[in-house]
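So the structure is just underneath, and the comments pick up after that.
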Amino acid sequence: MTNASPAPRDLAGGAGPANKARAGLIAKVLVSAALLFFLARKLDWPAMGQRLAGASVTPLALALVLLTVTVAIAGLRWRVLVRQAGAQLSLTQAVQLTFAGMFFGQVLPATIGGDVVRGVMAGRGGVPWEDVVVTIVLDRLAALLASVILIVCGLPILSAVATGEAESLTWIAVAAAGAVLAATAGLFIFRNLPAWLARKAWMARLWDLAGRLRSGLVSRGGFVAVVLSLLIHLSTVATVLLIGAGLGVEIEPKAAFAVVPLAILAAAIPISLNGWGVREGVMVSGLAFFSVQSGDALLISVFLGIGVVISVLPGSVTWLALR
C-alpha cells in the first residue's frame with residue numbers, strides 16, 4: 001500500500017511553526033549582536049590586545065578543565081534525579097548524554113534544544129518518557145534554585161557597594177531571585193485542581209506533572225541535585241577567577257561570588273542566543289562596581305562563553321557513539 005502524499009493544508013500547517021522558529025532565532029541573534037555591539041563600541045581595543053598578548057596559558061587551561069568537569073557533575077546531577085524517579089540510567093550514560101545535550105545546546109538556537117536531544121536519547125535508551133520530562137525539568141529547576149541561593153548569599157556584598165547604579169543592580173538581583181522562588185512556591189501552594197479543569201485531560205496530566213515536580217524537589221534526590229548545582233555554580237565562579245588570573249585581571253573573590261551567579265541566571269532567560277550578550281552585560285555592569293574595567297570584564301565573559309563551547313565539544317563524539 002502506497003503512502004498518500006500530505007495534503008496541502010498539512011504542508012501549510014507545518015510552515016507556520018517553522019517560520020516562527022526561524023523568526024525566533026533571528027530575533028535572538030539580533031538581541032545578542034546588539035548587546036555585544038553596545039558593550040564593545042567604547043572599548044580600548046589596544047589595551048585588550050595587550051591583555052591577550054600577555055595571557056598566561058596555565059590558568060586558562062585550568063579554567064577549561066574545570067568547565068569540562070562541571071559538565072560531568074551536571075551528568076551526575078541528572079542521574080541522581082533519574083534514579084530518584086525509579087528509572088535506570090548508569091553514570092556513564094548520564095554523563096555521555098549530558099555532554100551530547102550540552103553540545104547541541106550550544107549549536108542549536110535555544111538552550112532547550114540540548115534538553116530535547118538528551119531526553120530523546122534517554123527515552124530511546126529505555127527511560128520512560130514521563131520520567132525523562134520530569135527529571136529534565138527538575139534538573140533545570142535545581143540549577144535555577146542554586147543560582148538563587150548564591151544570589152541571595154551575595155546580596156550583602158552587592159549592598160555594600162549599593163550607591164547609584166549599583167543599587168539598581170541589587171534590586172534586579174532581588175527581583176530575579178524572587179521570580180524564581182515565586183514560581184517554585186507555586187508548585188506547593190496550588191495543590192488542588194478545580195473540578196472544571198480536572199475534566200480536561202491535558203490539564204490533569206499537567207497537574208500530575210506538577211505533583212511529581214513537587215515530590216521530586218522535596219526528596220533526597222532533589223536536595224542532592226541542588227547541592228550539586230551549587231557546586232557547579234561555584235565552579236563557574238572559580239573559572240571566572242582563573243580566567244581573570246590568566247588575562248592578568250585582578251578580581252576579588254567576593255566580587256565574582258556576587259556577580260557570576262546573577263550572570264548565570266540572566267543567561268538562562270531565553271531572549272538571546274545561548275545567553276550571549278546578556279551574560280556579558282551583567283558581568284560588565286556588575287564587576288564595574290568592584291573596580292574591574294569594562295573591557296576586562298567583557299573579555300573575561302567572552303572567554304567564559306568560548307570555554308563553555310570548547311568544554312562541550314566531546315559531546316559530538318559521545319552523540320555519534322550513542323547513536
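Structure summary
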{"quantity": "Test: residue in the range 293-316 that is part of a loop (DSSP other than H, G, I, E, B), of a type in the set (D, E, K, R) and at pLDDT 90 or above", "calculated": "no"}
{"quantity": "Residue match in the range 113-125 (condition: assigned to a helix (DSSP H, G or I), closer than 21 Å to R214 by Cβ and modelled with pLDDT under 90)", "calculated": "yes"}
{"quantity": "Condition met for R220 (among the charged types (D, E, K, R), buried (at least 17 other Cβ atoms within 10 Å of the Cβ) and more than 19 Å from F289 (Cβ to Cβ))", "calculated": "no"}
{"quantity": "Residue in the range 286-309 that is surrounded by the most Cβ atoms within 10 Å (Cβ to Cβ), counting only those that are farther than 17 Å from I232 by Cα and of a type in the set (V, I, T)", "calculated": "I300"}
{"quantity": "Residue tally, condition modelled with pLDDT under 75 and not in a helix (DSSP H, G or I), over the range 160-209", "calculated": "10"}
{"quantity": "Which listed residue is without any contact (Cβ under 8 Å) to a residue 60 or more places away in the chain, within 30 Å of G119 (Cβ to Cβ) and in a helix (DSSP H, G or I), from V69, V65, V29, V80", "calculated": "V65"}
{"quantity": "Options V71, V57: the member that is in contact with a Phe, Trp or Tyr (Cβ under 8 Å, 6 or more places away or on another chain) and not polar (S, T, N, Q)", "calculated": "V71"}
{"quantity": "Of all residues making up the range 242-267, the number that are part of a helix (DSSP H, G or I) and closer than 20 Å to V152 by Cα", "calculated": "15"}
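One line per residue, one yes/no per condition, for (1) aromatic (F, W, Y); (2) within 17 Å of the chain's Cα centre (by Cα):
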{"site": "P253", "(1), (2)": "no, no"}
{"site": "L273", "(1), (2)": "no, yes"}
{"site": "V284", "(1), (2)": "no, no"}
{"site": "F289", "(1), (2)": "yes, no"}
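Quick grid of which residues meet (1) in contact (Cβ under 8 Å) with a residue 24 or more places away in the chain; (2) buried (at least 19 other Cβ atoms within 10 Å of the Cβ); (3) closer than 28 Å to L76 by Cα; (4) out of contact with any Leu (no Cβ under 9 Å at 6 or more places or on another chain):
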{"position": "I232", "(1), (2), (3), (4)": "yes, yes, yes, yes"}
{"position": "I243", "(1), (2), (3), (4)": "yes, yes, yes, no"}
{"position": "V284", "(1), (2), (3), (4)": "yes, yes, no, no"}
{"position": "V312", "(1), (2), (3), (4)": "yes, yes, yes, no"}
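The values are calculated or read from the model by the stated rules, or taken from the named source; none is laboratory data. Keep in mind it's a predicted model, so treat the numbers as computed, not measured. Please note: Cβ atoms are built from the backbone with ideal geometry, for glycine as well, and neighbour counts cover all protein chains shown.
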